[in-house]
Amino acid sequence: MLDTAKKIGYLGLGLLSITRERAEKLVDDLVARGEVAPREASKIVDDLIARGEEERKRLDQHIDEHLRRVTGRLGLASESTVGELQAELAALKTELADVKARLAALEAGRAGLGQGQ
């Protein structure tokens, strides 16, 4: 029984990349060898898939947190910060273009006044 529990545990650990079809085949093999009761097979498969999903989510969270720490240590900007900076840059470009246009208009007006004298 302990050996079967270990096998199921090992299956659970490997579920980060296992499909339902693969889990069913592995559990069917355990059933065929008499290590798992047929009536328990479906529940074991469901449990393995659920545990795999939980582990996958935990791994994703762990990786995300680790990447945040690493990028913070390296002084890299986050995607949202880059987006904010891009928006601010676009606004500044628009404002600069407006200032240049007003300056050109003022210079043109001065040039016109100088010709009239």
Fully extended, how many nm does the chain gain between Arg58 and Asp28 (0.36 nm per residue separation, minus their Cα-Cα distance)?
-> 8.0 nm
Computed ³J(HN,Hα) along segment 69-82: with the Karplus parameters 6.51/-1.76/1.60, θ = phi - 60°, integer Hz and x for glycine or proline, the list is 5, 5, 5, x, 5, 7, x, 7, 7, 6, 4, 5, 5, 4
Where in segment 23-117 are there trypsin sites (Lys or Arg not before Pro) that are in a DSSP coil and have at most 14 other Cβ atoms within 10 angstrom of their Cβ?
-> Arg33
Along segment 19-24, what does the Karplus equation 6.51 cos²θ - 1.76 cosθ + 1.60 (θ = phi - 60°) give for ³J(HN,Hα), rounded to whole Hz, x for Gly and Pro?
-> 9, 4, 4, 5, 4, 4
Quick one: if the Förster radius is 35 Å, what FRET efficiency do Thr71 and Thr94 give, using the C-beta to C-beta distance and rounding to 0.05?
-> 0.70
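Bear in mind that the values in this text are calculations on the coordinates, not laboratory data. Worth saying up front: this structure is predicted, and the values here are computed from it rather than measured. Every residue, glycine among them, receives a Cβ derived from its backbone with ideal geometry; neighbour counts consider all protein chains shown.
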